[in-house]
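Since the structure comes first, as structure tokens, the remarks are kept for the end.
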Amino acid sequence: MQEVKKLNTTLTHHSIEFSGLSLVLLKEKALWIPDFQILLLADLHFGKAAHFRKSGIPIPEPIHDADLLVLKKLFEDYQPHSVYFLGDLFHSDWNSQWDYFNNFLTGFPTCEFHLVKGNHDVLAPLAYQQSMLKIHNEPLQVGPLLLSHEPMEVYGEGLINICGHIHPGIRLVGKARQSVRIPCFFLSRSQLILPAFGNFTGLALVKPNDGDWIWGITPEKIIPVLSGTSIG
């Protein structure tokens, strides 16, 4: 099994190395692979607000517009060759926000967009065929990266499984018993679980074992969670 090595940390990102590749964890809840010029993110759940409104729950649409502004800045700053959405890109069945999202993607004609389908990606095949997305129904290997929606239990030697689905988060506890819940990147052995990119998502608190690494995320910075930090 390849060893994951810690590299450098700044306020806005943290770099680790696997099989000679630099994996850059971004405070925007995305992963940048500079050697391949690819950007990875999971669990956008776009269209969820409209889905709730159809059920009579008044959720305003601007909650997703904030996600698109972050995406736009990531695409402009990093100029990726390819973007991989690791499942749960769209929350449920079709609503008009699917067309809105695809119109957004057309603003980046030099970028290839891929979707590794997740459990919420249930649109009709025609909807995907008419989109800019290249659809992958099964986990996809890119170099030593094995991309999937759900964490995989078995994968080959020398690969790192990069996935989503869990919406990992941590609860940091202070000395005065105050606490805060924040999303995180969660690395266990050679499996890296990405935080949910979408703002309109929940958190599942993770319980690290010895040897696991966690990086908490705030709007301003990446926070390496060191041994000895209290995690509730």
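Do we have any residue at all in region 145-166 that's of a type outside the set (Ser, Thr, Tyr), on the phi > 0 side of the Ramachandran plot and buried (at least 18 other Cβ atoms within 10 Å of the Cβ)?
The first filter runs over region 145-166 and keeps only residues of a type outside the set (Ser, Thr, Tyr), leaving 145-147, 149-154, 156-166.
Right, trim to on the phi > 0 side of the Ramachandran plot and you get 158, 165.
With the extra rule that they be buried (at least 18 other Cβ atoms within 10 Å of the Cβ), the set shrinks to 165.
Yes, some residue in region 145-166 is of a type outside the set (Ser, Thr, Tyr), on the phi > 0 side of the Ramachandran plot and buried (at least 18 other Cβ atoms within 10 Å of the Cβ).
If Glu150 satisfies all but one of (1) under 18 Å from Thr201 (Cβ atoms); (2) without any contact (Cβ under 8 Å) to a residue 40 or more places away in the chain, what's the number of the condition it fails?
(2)
Out of curiosity, is Leu44 outside any helix (DSSP H, G or I), under 18 Å from His165 (Cα atoms) and modelled with pLDDT under 95? Please lay out each step first, then the result.
Numbers: outside any helix (DSSP H, G or I): yes; under 18 Å from His165 (Cα atoms): yes; modelled with pLDDT under 95: yes.
Against the criterion (outside any helix (DSSP H, G or I), under 18 Å from His165 (Cα atoms) and modelled with pLDDT under 95), Leu44 qualifies.
Filtering region 11-41 down to residues that are at positive phi and at pLDDT below 95, which residue is surrounded by the fewest Cβ atoms within 10 Å (Cβ to Cβ)?
By that ranking, first place goes to Gly20.
From the list Phe108, Phe113, exactly one residue is assigned to a strand (DSSP E or B), touching a helix residue (DSSP H, G or I) at 6+ places or on another chain (Cβ under 8 Å) and either among the aromatic types (Phe, Trp, Tyr) or touching a residue at least 60 places away in the same chain (Cβ under 8 Å) (or both). Which is it?
Values: Phe108 fails: assigned to a strand (DSSP E or B).
When all the criteria are applied, what remains is Phe113.
Of the residues that make up region 110-120, is at least one among the hydroxyl-bearing types (Ser, Thr, Tyr) and under 20 Å from Phe75 (Cα atoms)?
Taking every residue of region 110-120 in turn, at least one turns out to be among the hydroxyl-bearing types (Ser, Thr, Tyr) and under 20 Å from Phe75 (Cα atoms).
Could you tell me whether any residue of region 127-145 is modelled with pLDDT under 95, assigned to a loop (DSSP other than H, G, I, E, B) and either touching a helix residue (DSSP H, G or I) at 6+ places or on another chain (Cβ under 7 Å) or among the β-branched types (Val, Ile, Thr) (or both)?
Yes, region 127-145 contains at least one residue that is modelled with pLDDT under 95, assigned to a loop (DSSP other than H, G, I, E, B) and either touching a helix residue (DSSP H, G or I) at 6+ places or on another chain (Cβ under 7 Å) or among the β-branched types (Val, Ile, Thr) (or both).
The values are calculated or read from the model by the stated rules, or taken from the named source; none is laboratory data. Computed from a prediction, not measured in an experiment: that's the story for all the values here. All Cβ positions, even for glycine, are placed from backbone atoms using ideal geometry, and neighbour counts span all protein chains on display.
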